[in-house]
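The values are calculated or read from the model by the stated rules, or taken from the named source; none is laboratory data. What you see is a predicted model, and the numbers here were worked out from it, not measured in a lab. Glycine gets a Cβ as well: all are built from the backbone with ideal geometry, and neighbour counts include every protein chain shown. The accessibility values were calculated without ligands, DNA or RNA, using every heavy atom of the protein model including side chains. Shrake-Rupley method; radii C 1.70, N 1.55, O 1.52, S 1.80 Å.
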Amino acid sequence: YLPRLVYIHEGKEEVGKGRFKLKRPYYLGGIYPDTDELWLDVLTYIEEHYELHDVERIYLCGDGDRWIKRGLEFLPKSVFVLDLFHLDK
């Protein structure tokens, strides 16, 4: 099994010229034999900390691997966005 990492945040804020930090980051990770468990943990965190009916969109950003796109099936109002590193390739 491979380790997985998901981070949840509310966007970015500038902290210096051209420097940014994540707003309210929260990290979930570990070795998950079944990534469905990871996405259920992500959904649980979101439900406990946000009013989902007020959330306009959840962006899943990554390299497009299947386990990342699987999150679209668990997270309402979610869309996949290819990360900048892989977009530049």
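Below are the figures for this structure:
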| read-out | value |
| --- | --- |
| In the stretch 74-89, residue least open to solvent (accessible area, probe 1.4 Å) [restricted to those that are in contact (Cβ under 8 Å) with a residue 12 or more places away in the chain and part of a loop (DSSP other than H, G, I, E, B)] | L75 |
| Selection from the stretch 5-41 of residues that are among the hydrophobic types (A, V, I, L, M, F, W, C) and out of contact with any Leu (no Cβ under 6 Å at 6 or more places or on another chain) | L5, I8, V15, F20, L22, L28, I31, L38, W39, L40 |
| Matching entry among G71, G30 (being in a helix (DSSP H, G or I) and of a type in the set (G, A, S)) | G71 |
| Among residues of the stretch 1-48, those that are over 14 Å from the mean Cα position of the chain (by Cα), touching a residue at least 24 places away in the same chain (Cβ under 8 Å) and open to solvent by 90 Å² or more (accessible area, probe 1.4 Å), counted | 4 |
| The stretch 49-68, residues that are more than 17 Å from D36 (Cβ to Cβ), open to solvent by 60 Å² or more (accessible area, probe 1.4 Å) and not in a strand (DSSP E or B) | H49, E51, H53, D54, E56, R57, D63 |
| Residues that are on the phi > 0 side of the Ramachandran plot and charged (D, E, K, R), drawn from the stretch 42-77 | K77 |
